[in-house]
Structures are given as structure tokens and as C-alpha cells.
Amino acid sequence: MKPFLVRRATAEDAEGVKAVHITGWREAYGHVLPQEFLDDLENHIDVDRWRRTLAGPDEIAYVATIATENPRIIGWATAGKSRESDAPAELELMGTYITSEWYGTGVAHELIQHAIGTQAAYLWVLKDNARAQAFYRKEGFELDGAEQNYKLGPSEVRIARMSRPE
């Protein structure tokens, strides 16, 4: 038996999703975001927005929880219809975050399998996040040459698009 479970997220998961979102940003973006912003993320990531997102029809969200009597959310993935008119696929993987203690355990792979399966899809990733890009390559994604500047918190960063065919 796996030490975690993956299931469809509900609005009741908003607090746990927010906690992983905050931890994920601190672990993944500490090299590009100011420390004072990271320290204050609780005031920048809105739990009510997460409740609306998880209850709404526009995004599909899955959470991974520890498989114990007292489960807690350790990761999440969201996907939905492309937000871009010139996207390389109709499906966008909008976000995937797990806490670093679960890196390499299969949690992120399982979340992606639930969220998008083997469908053609694309995502945006920090251009200088080699770890994330290596992970997504294992999931069949490749950099497709599209890049843009993106406002991440108070900082402007460069992001690159990765896509995969069916």
C-alpha cells in the first residue's frame, strides 16, 4: 500500500491546499522571491479564492493526503481548459505542488495522472527551475520554445512553456 492517497479535491480542502501552496512557494521560489514576501505568504494566498476554485467548474483539482488516521494534504494538482488562444493543447496543467519531504516518492506523478492522465497538455514553469523541468520531462513534457515574463508575487520572472502530445 502507498503511504499516500490521491482523490478529487473539494472546497473543504482549501485550508490544506493553501498550506501546501505556501510551503511549495517557499521551497521552490526562495531563490527568486524576496524573503519578506515569502515570510508573509499567508496574507497573499487567499483561502477563500481556493474554496471558490475547488468548488467551481473551471478547474479540476486533486489532492494527495498521507494515508493515516489523521490525513493531511501533502500535495495538489490543478488542470483545466487552456487559458490561451494559441496554446499547443486544449488542456493546461495549471499547478502542481508537493512538499519537499515527498519529492521522489511518486506523489507528484500520481497527482498528474489523476489531473490530466496521458492527454496532450501544456504547462508553464520557471525557466531557471531545472528540477521541475526534469520532473516534467519524465512526465512526457518538453520545452516548446515559448517563453514570457510573468509576475510572481512582487517579482518579474521568466517562464517557459512545456508541452506534450497525446
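The values are calculated or read from the model by the stated rules, or taken from the named source; none is laboratory data. Values in this document were obtained by computation on a predicted structure and should not be read as measured data. As a convention, Cβ positions derive from the backbone with ideal geometry for all residues, glycine included, and neighbour counts pool all protein chains shown. Note: areas computed on protein heavy atoms with side chains; ligands, DNA, RNA excluded. Shrake-Rupley method; radii C 1.70, N 1.55, O 1.52, S 1.80 Å.
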Discussion item. So Lys81 ticks every box in (1) touching a residue at least 40 places away in the same chain (Cβ under 8 Å); (2) closer than 20 Å to Ser163 by Cα; (3) basic (Lys, Arg) but one. Which box is left unticked?
Written reply: (1)
Practice prompt. Report, by residue number, each residue of region 109-166 that is acidic (Asp, Glu) and more than 14 Å from Pro88 (Cβ to Cβ).
Written response: Glu110, Asp128, Glu139, Glu156
Response to the item:
When Phe135 is run through (1) in contact with a helix residue (DSSP H, G or I) (Cβ under 9 Å, 6 or more places away or on another chain); (2) closer than 27 Å to Ala11 by Cα; (3) crowded, with 18+ Cβ neighbours inside 10 Å, the failure sits at (2)
Discussion item. When you scan region 140-150, do you find a residue that is part of a loop (DSSP other than H, G, I, E, B) and more than 14 Å from the chain's Cα centre (by Cα), even just one?
Written reply: yes
Worksheet item: Restricting region 54-70 to residues that are under 16 Å from the mean Cα position of the chain (by Cα) and modelled with pLDDT under 90, which is surrounded by the most Cβ atoms within 10 Å (Cβ to Cβ)?
Response: Glu59
Discussion item. So Ile45 ticks every box in (1) within 25 Å of Gln133 (Cβ to Cβ); (2) over 15 Å from the mean Cα position of the chain (by Cα); (3) touching a residue at least 24 places away in the same chain (Cβ under 8 Å) but one. Which box is left unticked?
Written reply: (2)
Discussion item. When the residues of region 135-164 are narrowed to those that are touching a residue at least 60 places away in the same chain (Cβ under 8 Å) and not charged (D, E, K, R), which ends up nearest to Val107 (Cα to Cα)?
Written reply: Ser163
Worksheet entry | Whichever residue in region 71-82 is surrounded by fewer than 17 Cβ atoms within 10 Å (Cβ to Cβ) and under 23 Å from Glu27 (Cβ atoms) and, among such residues, is modelled with the lowest pLDDT | Pro71
Discussion item. I need a count of the residues in region 83-101 that are surrounded by 16 or more Cβ atoms within 10 Å (Cβ to Cβ), farther than 16 Å from Trp25 by Cβ and out of contact with any Leu (no Cβ under 9 Å at 6 or more places or on another chain).
Written reply: 4
Item to complete: Would you check which residues across region 12-28 are open to solvent by 30 Å² or more (accessible area, probe 1.4 Å) and within 17 Å of the chain's Cα centre (by Cα) and list them?
Response: Glu15, Lys18, Ala19, Thr23, Trp25, Arg26, Glu27
Worksheet entry | Those residues of region 26-52 which are in contact with a Lys or Arg (Cβ under 6 Å, 6 or more places away or on another chain) and farther than 20 Å from Thr78 by Cα, in sequence order | Leu38
